[in-house]
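This report concerns only the one structure given below.
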Amino acid sequence: MKSILLALLSFACALTGAAQSPPAQFASRTALIIGISSYSKPEISSLPGVAADMKSALAIAKAMGIPDKNIVTLRDAAATKDGILEALR
């Protein structure tokens with residue numbers, strides 16, 4: 001899961017040119033961090049490391065200069081298709 005979160009964060013940065021943004025543009029950076037640790041199907045085991053992965057992704061976003069107000073986290077039941085689409089708007 002950690003690699004997926006980091007890959008999504010890296011992809012988002014590549015799309016926005018974050019690696020090359022001057023400090024004046026930090027205010028426009030955004031991050032969407034999604035973590036799913038429990039599933040509705042009982043045959044799918046819960047993932048106990050998701051909370052730590054999301055905490056790491058949040059630290060990475062902050063280290064990249066993304067303002068707190070521009071960081072959205074969705075976890076478990078909030079990480080629906082509608083929730084994700086709304087967060088991307």
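The values are calculated or read from the model by the stated rules, or taken from the named source; none is laboratory data. Note that this is a predicted model, so its numbers are computed, not measured. Here the Cβ is made from the backbone with ideal geometry for all residues, glycine too, and neighbour counts use every protein chain on show.
Things worth noting here:
- Test: residue in segment 51-71 that is modelled with pLDDT of 75 or more, loosely packed, with under 13 Cβ neighbours inside 10 Å and farther than 20 Å from Ala87 by Cα: yes
- The residues of segment 30-58 that are out of contact with any helix residue (DSSP H, G or I) (no Cβ under 8 Å at 6 or more places or on another chain) and acidic (Asp, Glu) amount to a single one, Glu43.
- Matching option when the condition is touching a residue at least 40 places away in the same chain (Cβ under 8 Å) and out of contact with any strand residue (DSSP E or B) (no Cβ under 6 Å at 6 or more places or on another chain), among Ile60, Ile44: Ile60
- Any hit, segment 13-25, residues being surrounded by 11 or more Cβ atoms within 10 Å (Cβ to Cβ), touching a Pro at 6+ places or on another chain (Cβ under 7 Å) and either modelled with pLDDT under 55 or farther than 19 Å from Leu74 by Cα (or both): no
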